[in-house]
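Structure record follows, encoded as structure tokens.
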Amino acid sequence: MTKLTDTRFTAQPPAPRSRPHQKKNLVQRIGKGGFIASLPFLAPALAAYVVFVIAPMISAVRLSLYQWSGYNTDPQVFVGFKNYVRLFTQDPVFWTSVQNTVIWVVLSIIIPTSLGLVMALALNQPLVGRNLFRSVFYIPGVLAPIAVANMWRWMYNPNYGVFSEISKTLHIGDGSGVTFLSDPKVAIYAVFAAFVWQIAGLNMVLFLAGLQGVSKELVESARLDGANNWQVFRNVTLPALRPTVVIVMVLTIVHSIKVFDLIVGMTGGGPAQSSQVLALWSYTQSFLNHDFGLGNAVATVLLVVTLILVVPYLIWSTKGADDHR
Amino acid sequence: MRLFAKAAAAVAAVALLAGCSGGGSNAAGSGTTTLEWWTINLTAPAANAAVDKIIADFEKDNPGIKVKRTPRAVDAHKDSLRTAIGTSAAPDIYDYWAGPGLGGELVKANASADLTEYYKQYKWDERFSDAALAPVKQYGGYHGVPWKLNGEALYYNKKLFAQAGITETPKTLDELGAAAKKLKDAGITPIQFGGTVNWHVMRLLDTFLEGKCGSETFDKLVTKQADWGQEQCVTDSFTELQTWSKDYFNPGFIGINNDESSALFFGGKAAMALEGDWFNASIEDQKMNLADVGVFSLPTGTSRLYGFEQAQYITKDSKNKDAAAKFLDYFTSKAVQQETLGLFAVQSVNKDVKADAAKATQLTKDWDGIFKDAKGLYMNNDQNFNQSQTREYWRIQNLVATGGLDPQQAGADMQKFLESSQ
């Protein structure tokens, strides 16, 4: 008994670590082999990050509180939140650009993503010429957006464009040609069509990579259990694709928010600023209107919107990385 | 964060490029002065060759001065000036439009030197025409040296006019409207415009404003001394623009640029083009039959010429102002201007330069008549307004032209913006 008691005493589980003890360990870790020791190695990258990422962002936010034409000879005048007031209440284009950016993001999440998934599912089957189709669908993704813009602008040309020729051949409309880019109500969607054409193939490649990770055994066992194609997709494939779906969504959102080249190349934000978006409007205010205060106010709004959409992804991805340690 | 990283990399690249692109005026220790001269690209090879020859000839006559010319595209030129002005990278001379919305913005930003002493020294007041001098004198003193004055008018296809039964060129806006209707009835596109560049269609709106409001009110409107929302002529002008864009412009005009729309004129598919005197060279390049093309002044009824000027400005901080003035004196001299007449504009800003009648084409002669008959100048409104006001003017113009805004509302919207952007 005594022995047992002794054993019980000696085999006592270690007491839970107290909080001060944890802190001490953390401090020790940082001090001895952690953060401080790694600082010399981190410093160059950290300095570059501060100079080229953090400082420009702070500078942009600071400039949004000033009135400045961009000339060194012209003093920067502090105006507080006046630029934001002007932006939200007097700028006739700002809300149009917000609306178009939102439309662009929402449509991007729905159309090119779904299209990419459908193409990936189709080209994941044993088809003749599968690799050729994969390449053909992916090629638009590697073209420079400004080249895509030029190409589509010519396709939309009301006098010589392919859509006009088709409409004339088929006697659709009044024979005056297709004028998608000329209609303020349609222009943004006409540019978006070019975006879908370019980005869907990229999404397809990501989904194809994700599909290679779907367990064949699970698919087969689902079929043995009598699941039809839709049920297999809904209950086996789609859950397995979840990480890929999130990555595709985030990349698509990021691509959408910063859309610039296609709009510049196809409409320049027109007609009548009807296809204007936040990134282009920020550039226009700063570099074309020479109003750097207002331009940076737009950039700051864009920054906040981007952070709202991207930070959850960063948290999720960090959490995922921690879970796998 | 990847977005930010990419954005930061882009910003860094732009910053590095901006840092590297600056030239900078300097007085070399070797006794040679190097003039940094920033210009806007000249598209015609012959015009570029002519400028190179001018520089070579000047350097030959002035061994102590070198001229380093840096031509850039329009937006790159504007960006470079914005980043360089006020720094050691600024040029000694820069080429710019003379209107208050463009050249005037730089004068306001203290970029340009007042050249009054050089105007006295070189007697430039006597060299240039009144029309050419007016834009450089508008800020008090003398800012810039006139280089070229371009006029804009209506080019027309004589065959298409004849086909539509038009026997005389229009003398009033009403006659112009009637001619457009005849052309349309004959199945011909009356006039071509490319809407993506905004300033192309703007020329017609400016014309309607000058014609319907008269010179005095036009000037008051563009200098914010008259209310756009209160003047009936403004509503009439926008209404006329809407009529023209709906009935007489090439279909889909707003989705194409001016080069694309000009192809319609060159190809005989549109009867008129509202263009500047530089269009003569394009017509010849496109191998149009010169006998089929004519040009007539915009029938506003005010007798003023529609156009704009480009000037060469000496920067305020230049350490080589004397050498720069000497070069500009040579550049605008009678001999040089006579030799290059027609390459930059059909008329020279130097009033002693006369066209050689034997070499002149009919179009050049027509232009001589237009310049000769003009009494004063009204400038394109993208020269009159600052950049943000111009952009709003274009937005309203395009909304009206595409049916997205009632012409009755257009003037009030413009006035509201002008007041908020003061």
_So if I check each of A:252, A:306, which one is within 11 Å of chain B (Cβ to nearest Cβ) and modelled with pLDDT under 90?_
A:306
*State all residues of segment A:165-185 that are facing chain B (nearest Cβ under 10 Å) and at pLDDT 80 or above; if no residue qualifies, say none.*
A:180, A:181, A:182, A:183, A:184, A:185
*If you go through segment A:255-302 one residue at a time, how many are modelled with pLDDT of 90 or more and of a type in the set (Lys, Arg)?*
0
*Return a yes/no flag: does segment A:240-247 have any residue that is at pLDDT 85 or above, surrounded by 14 or more Cβ atoms within 10 Å (Cβ to Cβ) and within 14 Å of another protein chain (Cβ to nearest Cβ).*
yes
_Looking at A:109, A:58, A:36, A:103, can you tell me which residue is outside any loop (DSSP other than H, G, I, E, B), in contact with a Phe, Trp or Tyr (Cβ under 9 Å, 6 or more places away or on another chain) and not charged (D, E, K, R)?_
A:103
_Let me confirm something: among A:291, A:261, which residue is among the charged types (D, E, K, R) and surrounded by 22 or more Cβ atoms within 10 Å (Cβ to Cβ)?_
A:291
*Tally the residues that are in a helix (DSSP H, G or I), in contact (Cβ under 8 Å) with a residue 40 or more places away in the chain and among the polar types (S, T, N, Q), restricting the search to segment A:239-282.*
2
*Among the residues of segment B:58-74, which ones are β-branched (Val, Ile, Thr) and surrounded by 15 or more Cβ atoms within 10 Å (Cβ to Cβ)?*
B:65, B:67, B:70
_Return the residues of segment A:264-288 that are under 18 Å from residue A:197 (Cβ atoms) and surrounded by fewer than 24 Cβ atoms within 10 Å (Cβ to Cβ); say none if nothing qualifies._
A:264, A:265
*So which residues in segment B:365-404 are surrounded by fewer than 19 Cβ atoms within 10 Å (Cβ to Cβ) and under 26 Å from residue B:255 (Cα atoms)?*
B:403, B:404
*Taking interchain pairs and intrachain pairs at least six residues apart, which have beta carbon atoms under 6 angstrom, with the first residue in segment B:50-78 and closer than 18 Å to residue B:321 by Cα and the second aliphatic (A, V, I, L, M) and part of a strand (DSSP E or B)?*
B:55/B:67; B:67/B:35
_Checking the conditions here, which among B:344, B:331 is modelled with pLDDT under 90 and away from chain A (no Cβ under 14 Å)?_
B:344
_Residue satisfying condition, being more than 14 Å from chain A (Cβ to nearest Cβ) and within 25 Å of residue B:157 (Cβ to Cβ), within set B:368, B:356_ = B:368
*Identify, from the list B:39, B:43, the residue that is outside any helix (DSSP H, G or I), without any contact (Cβ under 8 Å) to a residue 12 or more places away in the chain and at negative phi.*
B:43
*Hey, among B:86, B:31, which residue is outside any helix (DSSP H, G or I), loosely packed, with under 14 Cβ neighbours inside 10 Å, in contact (Cβ under 8 Å) with a residue 12 or more places away in the chain and not hydrophobic (A, V, I, L, M, F, W, C)?*
B:31
*asked:* So the check is Cβ under 7 Å with 6+ separation or different chains; which pairs have a first residue in segment B:269-288 that's within 21 Å of residue B:187 (Cα to Cα) and a second one that's of a type in the set (Lys, Arg) and not in a strand (DSSP E or B)?
replied: B:274/B:203
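Yes/no per residue for (1) crowded, with 19+ Cβ neighbours inside 10 Å; (2) outside any helix (DSSP H, G or I):
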{"residue": "A:200", "(1), (2)": "yes, no"}
{"residue": "A:203", "(1), (2)": "yes, no"}
{"residue": "A:207", "(1), (2)": "yes, no"}
{"residue": "A:219", "(1), (2)": "no, no"}
{"residue": "A:227", "(1), (2)": "no, yes"}
{"residue": "A:231", "(1), (2)": "no, no"}
{"residue": "A:237", "(1), (2)": "yes, no"}
*Give the residues of segment B:305-328 that are charged (D, E, K, R) and more than 14 Å from every other protein chain (Cβ to nearest Cβ), sorted by residue number.*
B:309, B:319, B:321, B:322, B:326
*Just checking, how many residues over segment A:124-137 are assigned to a helix (DSSP H, G or I) and crowded, with 17+ Cβ neighbours inside 10 Å?*
2
*Just to be sure, is residue A:300 surrounded by 18 or more Cβ atoms within 10 Å (Cβ to Cβ), within 11 Å of chain B (Cβ to nearest Cβ) and closer than 26 Å to residue A:69 by Cα?*
no
*Take the residues in segment A:138-161 that are of a type in the set (Phe, Trp, Tyr) and outside any loop (DSSP other than H, G, I, E, B), then tell me which one is farthest from residue B:261 (Cα to Cα).*
A:138
*Which of (1) in the same structural domain as residue B:208 (by TED's automatic domain parsing); (2) at positive phi is the odd one out, the single condition residue B:407 does not satisfy?*
(2)
*Quick one: is residue A:8 modelled with pLDDT of 95 or more, away from every other protein chain (no Cβ under 14 Å) and part of a helix (DSSP H, G or I)?*
no
*Considering B:268, B:252, which residue is buried (at least 24 other Cβ atoms within 10 Å of the Cβ), over 21 Å from residue B:382 (Cα atoms) and in the same structural domain as residue B:178 (by TED's automatic domain parsing)?*
B:252
*May I ask you to say which residue of B:81, B:115, B:102 is closer than 21 Å to residue B:319 by Cβ and within 14 Å of chain A (Cβ to nearest Cβ)?*
B:81
*Unique residue being farther than 30 Å from residue A:179 by Cα and either of a type outside the set (Asp, Glu) or away from every other protein chain (no Cβ under 14 Å) (or both) when the list is A:116, A:70*: A:70
_Looking for something within 14 Å of chain A (Cβ to nearest Cβ) and either closer than 23 Å to residue B:267 by Cβ or modelled with pLDDT of 95 or more (or both) - is there at least one such residue anywhere in segment B:211-226?_
no
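The values are calculated or read from the model by the stated rules, or taken from the named source; none is laboratory data. Because the structure is a prediction, the values reported are computed rather than measured. Cβ sites come from the backbone with ideal geometry, for glycine too, and all protein chains shown count toward neighbours.
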